[in-house]
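The values are calculated or read from the model by the stated rules, or taken from the named source; none is laboratory data. This structure is a prediction, so every number in the text was calculated from the model and none was measured. Cβ atoms come from the backbone with ideal geometry, glycine included; neighbour counts cover every protein chain shown. All accessible areas refer to the heavy atoms of the entire protein, side chains included, with ligands and DNA or RNA removed. Shrake-Rupley method; radii C 1.70, N 1.55, O 1.52, S 1.80 Å.
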Amino acid sequence: MLKLMGAALILLSSSAVGFQAARSYAERPRQIRQMLGAFAMLETEITYGARRLDEICNHLAQREKDPVRSLFARCAEYLSTLDGVSTYDCWKRAVEEIWPTTLMKAPEKEVLIDFGKTLGVSDRADQMQHIQRAKTNLGTEESRALEEQTRYEKMCRSLGVLAGVLIVILIY
Amino acid sequence: MNSSIWQLLPLSIKGMLENLPDRIRSQLEEIRVREGRPLEVITPNGAWFITAEGRTTNQSDEGYRPNRETCGKMLNLISHHSLYALEEELRRGYVTIQGGHRVGLAGRVVVERGQVKHLREVTGFNIRIARQVKGVGEPLIPMMMPRGELVNLLLISPPQCGKTTLLRDLARVVSAGTPSLLSRKVGIVDERSEIAGCVGGVPQHDVGPRTDVLDGCPKAEGMMMMIRSMSPELLVVDEIGRQEDSEAIFEAIHAGVHLYTTAHGRSMEEVCRRPALARLIEEGVFGRYLILSRARGPGTIDALFDGRMNRLQVKGESLSC
């Protein structure tokens with residue numbers, strides 16, 4: 001009886017690991033898509049609205065859900081409180097701080113940080129160009145993430161379950 | 001000093017200015033920040049450099065010299081990290097901030113097809129602190145409005161003599177009215193955002209309850225827009241001088257609208273030498289000419305003439321601009 005319970009526990013935990021891994025594959029494209037949505041908004045606000053960057057960030061923070069929400073909320077806070085340090089530094093700090101809470105990966109981070117270098121420091125036409133470039137790059141990452149999702153999501157789930165079964169068989 | 005100005009300054013400079021004696025701090029007219037050159041403040045009583053400890057000095061080599069980083073910070077604070085929102089301002093070379101104060105900018109100019117496109121590497125800032133002096137125009141009103149009627153006015157003065165301050169207050173008084181004077185609809189065409197000091201389209205100075213402002217609008221076009229759409233009884237325009245301005249003024253006068261305006265100059269003769277103005281004066285457009293100087297501080301009234309160039313007596317002869 002005890003043995004059976006142990007086996008069930010092993011099976012459960014290894015499946016949980018598998019499902020967790022699968023979730024990260026499913027969440028990554030979703031979060032990238034969310035980021036893309038925020039960027040579209042940013043583009044409109046900058047090129048047509050010409051609103052202040054800290055106001056835009058606050059506005060985006062109100063509209064979006066985590067992790068995009070906290071990225072823009074942090075950024076807005078740094079922009080208005082850090083004694084005029086460069087926009088890039090504020091943005092980079094915000095990205096670094098929220099990164100552990102996201103399920104996005106290194107390539108997206110690179111795109112975001114790279115984008116920060118140009119944020120706010122040029123005229124509207126130029127800003128539009130940079131935002132669009134960042135959007136294209138994020139789009140590429142999104143399709144890559146989707147591909148990985150279809151390839152690995154199911155596999156992770158089955159692997160988790162099967163690995164559990166294997167361990168149970170081996171030690172039974 | 002005003003909090004909206006403190007917000008523009010990086011902590012280091014803020015600290016120095018906070019240490020200044022009160023009598024200087026309360027009278028500041030300009031704060032000048034130039035990269036690699038000493039920090040300077042200007043008051044009506046003189047100009048000083050500021051040392052890193054916040055003392056005033058006359059020796060330029062003792063002054064604190066802001067570096068590139070400080071200037072970068074300052075630009076970030078002025079633009080709120082959003083240079084794209086200041087395209088027009090960078091082209092004109094100044095930014096109007098909350099409270100109607102202005103920050104003049106200097107640096108490397110980027111030119112496209114012979115026209116200034118924007119400023120790059122902004123290295124010089126001139127924070128001009130605007131002080132609205134309410135009531136300076138009131139003692140003049142009886143002279144400006146014989147029998148309570150509006151008369152076209154030309155204010156003549158060199159820079160920094162209180163011309164805009166006076167014009168703003170006259171607009172306010174006409175718009176608000178006084179116990180003995182009917183209030184009127186006033187339209188201000190504020191090409192350089194100096195009269196009303198608009199931020200986001202809202203006047204930062206009190207220009208009266210019945211006043212409409214076209215902010216950042218070219219004068220000639222703005223006057224026509226005002227007449228067509230806002231039916232003002234009095235148009236207030238700053239610094240006329242170009243040919244198209246005087247044409248627009250003729251249009252306005254013939255449409256039955258009155259006009260308060262200003263021109264740079266030291267005397268009637270000087271103004272009469274400028275072709276666009278000379279024509280207006282010859283045609284007898286203006287009913288009053290007021291000449292200001294700085295002889296006894298800003299806002300000294302040098303002379304007041306009526307439309308036929310008769311000198312009128314003014315009580316007091318000095319306004320507290």
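Using 26 Å as the Cα-Cα cut-off, could you pick out the over-long pairs in A:65/B:14; A:105/A:154; A:65/A:92?
Cα-Cα > 26 Å for A:65/B:14; rest within.
Mind checking which aspartates and glutamates have their C-alpha under 17 Å from residue B:73, skipping anything on the same chain fewer than 8 residues away?
A:54, A:77, A:83, A:89, B:35, B:121
Can you give me the long-range amide H partners of residue B:123? Hydrogens built in the peptide plane at 1.01 Å from N, cutoff under 5 Å, separation of 5 or more residues or another chain.
HN-HN under 5 Å from residue B:123: B:106, B:107, B:108.
Work out from phi, with θ = phi - 60° and the Karplus expression 6.51 cos²θ - 1.76 cosθ + 1.60, the ³J(HN,Hα) of each residue of segment B:271-277, listed in order in whole Hz, and give x for Gly and Pro.
Values per residue, Gly and Pro as x: 5, 5, 6, 8, x, 5, 6 Hz.
Just tell me how shielded B:69-81 is by partners: mean number of partner chain Cβ atoms within 10 Å of each residue's Cβ, no decimals.
Values: counts 3, 1, 0, 3, 5, 1, 3, 12, 3, 1, 6, 10, 18.
Counting other chains' Cβ atoms within 10 Å and averaging over B:69-81 gives 5.
Run the numbers on chain B and let me know its relative contact order in percent, using alpha-carbon pairs under 8 Å that are six or more apart. Please list the in-between numbers first.
Numbers: 655 pairs, mean separation 43.9, N = 321.
Relative contact order here is 14 percent.
If R₀ is 45 angstrom, what is the calculated FRET efficiency for the pair residue B:283 and residue B:181, using the beta carbon separation as r and rounding to 0.05? If you can, show how the numbers build up before the last one.
Values: r = 28 Å, r/R0 = 0.61.
That pair, residue B:283 with residue B:181, gives E of 0.95.
Go ahead and run the numbers for FRET between residue B:27 and residue A:106, Cβ-Cβ distance against an R0 of 35 Å, rounding to 0.05.
Efficiency for this residue pair is about 0.05.
So, with +1 on the Cβ of K and R and -1 on the Cβ of D and E, and no other charges, what is the size of the charge dipole of chain A about its Cα centre, to the nearest 20 debye?
Details: 23 positive and 22 negative charges, 146 e Å.
Dipole magnitude for chain A comes out near 700 debye.
What is the sum of charges, Lys and Arg at +1 and Asp and Glu at -1, for the other residues whose Cβ falls under 15 Å from the Cβ of residue B:245?
Around residue B:245, the charge tally is -4.
Most mobile of B:237, B:151, B:202 per a Gaussian network model of chain B (Cα springs, under 10 Å)?
In this elastic network of chain B, the residue with the biggest mean-square fluctuation among B:237, B:151, B:202 is B:202.
Under 8 Å for C-alpha pairs, at least 6 residues apart: give me the relative contact order for segment A:20-171, rounded to a whole percent. Working shown, then result.
Numbers: 147 pairs, mean separation 52.7, N = 152.
The value is 35 percent.
Using Cα pairs closer than 8 Å and at least 6 residues apart in sequence, work out the relative contact order for segment B:138-312, in percent.
Values: 357 pairs, mean separation 47.2, N = 175.
For segment B:138-312, the relative contact order is 27 percent.
Estimate the FRET efficiency between residue A:150 and residue B:77 by the formula 1/(1 + (r/R0)^6), using the beta-carbon distance for r and 60 Å for R0, to the nearest 0.05.
Values: r = 48 Å, r/R0 = 0.80.
FRET efficiency, residue A:150 to residue B:77: 0.80.
Could you run the Karplus curve 6.51 cos²θ - 1.76 cosθ + 1.60 with θ = phi - 60° over segment B:78-84 and give me ³J(HN,Hα) per residue in whole Hz, x for Gly and Pro?
Whole-Hz 3J(HN,Hα) from phi for segment B:78-84: 5, 8, 6, 6, 10, 4, 4.
Once you have a ≥ b ≥ c as the square roots of the Cα gyration tensor eigenvalues for segment B:69-108, tell me rounded if a/c is under 1.5, and otherwise prolate or oblate according to whether a/b is larger than b/c. Write down the numbers at each step before the final one.
Numbers: a/c = 1.35, a/b = 1.17, b/c = 1.15.
Because its axes are fairly even, with a/c under 1.5, segment B:69-108 counts as rounded.
Need one number: nm distance between label points at residue A:124 and residue B:69, each 7 Å from Cα along Cα→Cβ, rounded to one decimal.
Output for this residue pair reads 3.5 nm.
Using the Cα centre of the protein assembly as shown as origin and beta-carbon charges of +1 (Lys, Arg) and -1 (Asp, Glu), tell me which of A:4, A:161, B:9 is placed farthest towards the positive end of the dipole.
Sorting the options by dipole projection puts first A:4.
Residue separation times 0.36 nm, minus the C-alpha to C-alpha distance between residue B:112 and residue B:308: what's the value?
Working: separation 196, 0.36 × 196 = 70.56 nm, distance 4.74 nm.
Difference between extended and current length: 65.8 nm.
Taking a 1.4 Å probe, which of B:244, B:87 shows the most accessible area, and what order do the others take after it?
Correct descending sequence by accessible area is B:244, B:87.
Can you tell me the order of B:249-262, B:36-49 when each peptide is scored by its average per-residue count of other Cβ atoms within 10 angstrom, highest first?
Working: B:249-262: 18.9, B:36-49: 16.3.
Output ranking for B:249-262, B:36-49: B:249-262, B:36-49.
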